[in-house]
Amino acid sequence: MTALRVALVALVAAVAVLAGDAALLVTRIDRVTVDLHPGTGTTWVLLGLDSRAALPEGAAASEFGTTEQVPGSRADVVLVVHDGGVLSIPRDLLVRGAGGPGRLALTWLDGPQSTVDALCDLGVPTDHLVTVDLAGFAAVVDAAGGLDLDVPRPVRDPAAGLLIAEAGRQHVDGRTALALVRSRHPEHLVDGAWQPAPVDPDGRATAAGTVLTALVGAVREAGVRPWLLQRVAWAASGSLTVDAATSATDLASLAGADLGDIEVLPAGEPNPQVPVRIATDGTAAALAAAGLSCSR
């Protein structure tokens, strides 16, 4: 989630500042063929993909799992941008995929078409599709020189490779920023002992928003230092995959948009026995309020 918008901002800014490198940067963006489902206005679907085949540089497999343990690629973060608003779609939302009902995140295992179709069935159209993977996210953060984050309390999550032992202002690298976004079972240090953090179904979206704000600031600061901006743009352009019809001009329109705060799409509370969240009347109402609808 976090890397997607910032990667676009960095790429477009670099194209403007580094005109001689523009053609090379654009050729580094990969393309994927998919039948999209356009809607009213323009809707961007931005996906953060979780694949063990593309780990951040220097990352240990114990922090992520191997491709044998966790095969394929999943849609770990799903952002929908429409008319200046941004919706974060829960990855565990129950949808109809190519293989039947299942979690939204798992639809990507059947390919991008399955994810785009499942979102349409939910009521989310797709005019443009953009993805970035784990390694790309960390690379963009590191290219920007790391991030300064306000950490309210010490936090760890061994399964995500996360350990921030002190509260307060912290400078983190790409691997740590990624661990914050990926953390599913955080623990806080309370009276000298690590204790499970209170359950928050939207906690990952909140953490992602914190990292996003810091990364946008870092990229903007890079804009006054051409050499650093070039480094960020190189990392960003090599991390993106877009649908075959999306042009550099389209990306520029997204990167230049004044987007508001990220709103988490409401859904039913998760059930520990069944790891999915059910769409509710509140889900439908939020999509309608955002001006989203889709048919295929």
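Scan the range 154-164 residue by residue and report those that are modelled with pLDDT of 90 or more and open to solvent by 60 Å² or more (accessible area, probe 1.4 Å). Passing the criteria: Arg156, Leu163. In the range 90-100, of all residues being modelled with pLDDT under 90 and in a strand (DSSP E or B), the one that is farthest from Asp121 (Cα to Cα) corresponds to Gly100. Restricting attention to the range 239-248, the residues that are assigned to a loop (DSSP other than H, G, I, E, B) and crowded, with 17+ Cβ neighbours inside 10 Å add up to 2.
Residues are listed down the side, and each one gets a yes or a no for (1) under 13 Å from Asp150 (Cα atoms); (2) modelled with pLDDT of 85 or more; (3) buried (at least 19 other Cβ atoms within 10 Å of the Cβ):
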position: Glu166; (1), (2), (3): yes, yes, no
position: Ala177; (1), (2), (3): yes, yes, yes
position: Ser183; (1), (2), (3): no, no, yes
position: Pro196; (1), (2), (3): no, yes, no
position: Arg204; (1), (2), (3): no, no, yes
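Counted as qualifying within the range 123-170 are the strands (runs of 3 or more DSSP E) with 1 or more residues that are in contact with a strand residue (DSSP E or B) (Cβ under 7 Å, 6 or more places away or on another chain), within 30 Å of Gln230 (Cα to Cα) and touching a residue at least 24 places away in the same chain (Cβ under 8 Å), namely 128-133, 147-151, 162-164.
If we keep just the residues of the range 101-119 that are assigned to a helix (DSSP H, G or I) and surrounded by fewer than 21 Cβ atoms within 10 Å (Cβ to Cβ), which is nearest to the chain's Cα centre (by Cα)?
Keep residues of the range 101-119 that are assigned to a helix (DSSP H, G or I), which gives 104-110, 112-119.
From the residues that got through so far, the ones that are surrounded by fewer than 21 Cβ atoms within 10 Å (Cβ to Cβ) too are 106, 109-110, 113.
On the way: Leu106: 15, Leu109: 17, Asp110: 19, Gln113: 18 Å.
Out of the qualifying residues, it is Leu106.
From (1) surrounded by 14 or more Cβ atoms within 10 Å (Cβ to Cβ); (2) outside any loop (DSSP other than H, G, I, E, B); (3) modelled with pLDDT of 85 or more, pick out the condition that doesn't hold for Gln230. All conditions pass for Gln230, except number (3). Show the residue pairs that are 6+ apart or on different chains and have beta-carbon atoms under 8 Å apart, the first residue being within the range 82-93 and within 15 Å of Leu119 (Cα to Cα), the second being crowded, with 21+ Cβ neighbours inside 10 Å and hydroxyl-bearing (Ser, Thr, Tyr). Within 8 Å, the pairs are His82/Thr43.
For the range 75-86, give me each residue that is over 11 Å from the mean Cα position of the chain (by Cα) and surrounded by 20 or more Cβ atoms within 10 Å (Cβ to Cβ). Of everything in the range 75-86, those that are over 11 Å from the mean Cα position of the chain (by Cα) and surrounded by 20 or more Cβ atoms within 10 Å (Cβ to Cβ) turn out to be Val81, His82, Val86.
The values are calculated or read from the model by the stated rules, or taken from the named source; none is laboratory data. In this text, all values refer to a predicted model and were calculated from it rather than measured experimentally. Positions of Cβ are generated from backbone atoms using ideal geometry, with glycine treated the same way; all protein chains shown enter the neighbour counts. The protein model used for the area step is the full one, side chains on, heavy atoms only, and it has no ligands, DNA or RNA in it. Shrake-Rupley method; radii C 1.70, N 1.55, O 1.52, S 1.80 Å.
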